[in-house]
Amino acid sequence: MSGMTLQGDFAPEDEPHDLEAEPTKIVPDPQPEPDPEPIPDARLYVPEQEEWHVHIKRDSEKIYCYAKLPGEDWFHMLLNGEIYVSRQHEKYCLRCALRHGYLTEDRLFWQHRVPQHRKRVL
Ligand SMILES: [Zn+2]
């Protein structure tokens, strides 16, 4: 035995007709095409400006980052042309410096962190 479909005459409408007039629908302005590859904000900030120096590696001397990458057991080399930061004898690639918080992408870092070294007397 096969089922039969019964169709009634009623339409599936349940709009309130006689109540309040519907507000005019707001058609949004056409959005500008999203940039397919937005340029990332590559700006970096140094919270402890007095401690750090920024360099471009230009010579043939082998320089190693003072931090190891997570999961790696060795100190990785900085490449010629690489931008790195130093503090006294320590040198760090930007990735490690970011990871350790020596650099930050937070433009408002000065609002979010409490200076650790300088203590101001009010
Ligand atoms: Zn590194």
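Pull out the extension gain between Tyr45 and Arg107, defined as 0.36 nm times the separation in residues minus the alpha carbon to alpha carbon distance; nm, one decimal.
Here the segment from Tyr45 to Arg107 would lengthen by 21.6 nm.
The packing ranking, built from the mean of other Cβ atoms within 10 Å per residue, places the peptides 83-94, 66-77, 25-36 in the order 83-94, 66-77, 25-36, highest first. Between Ser60 and Ile83, the modelled labels are 2.7 nm apart [label points 7 Å from Cα along Cα→Cβ].
With an 8 Å Cα cut-off and a minimum separation of 6 or more residues, compute the relative contact order for region 53-112 in percent. Working shown, then result.
Values: 80 pairs, mean separation 18.7, N = 60.
It rounds to 31 percent for region 53-112.
Could you state the per residue volume, in Å³, of the convex hull enclosing the Cα atoms of region 53-112? Let's see the in-between values first.
Numbers: hull volume 5.6 nm³, N = 60.
Hull volume normalised by residue count: 94 Å³.
Bear in mind these aren't lab numbers, they're just calculated from the coordinates by the rules spelled out. A quick note: this is a predicted structure, and the numbers were derived from the prediction, not measured. Because the Cβ atoms are built from the backbone with ideal geometry, glycine has one as well, and the counts that use them run over all protein chains shown.
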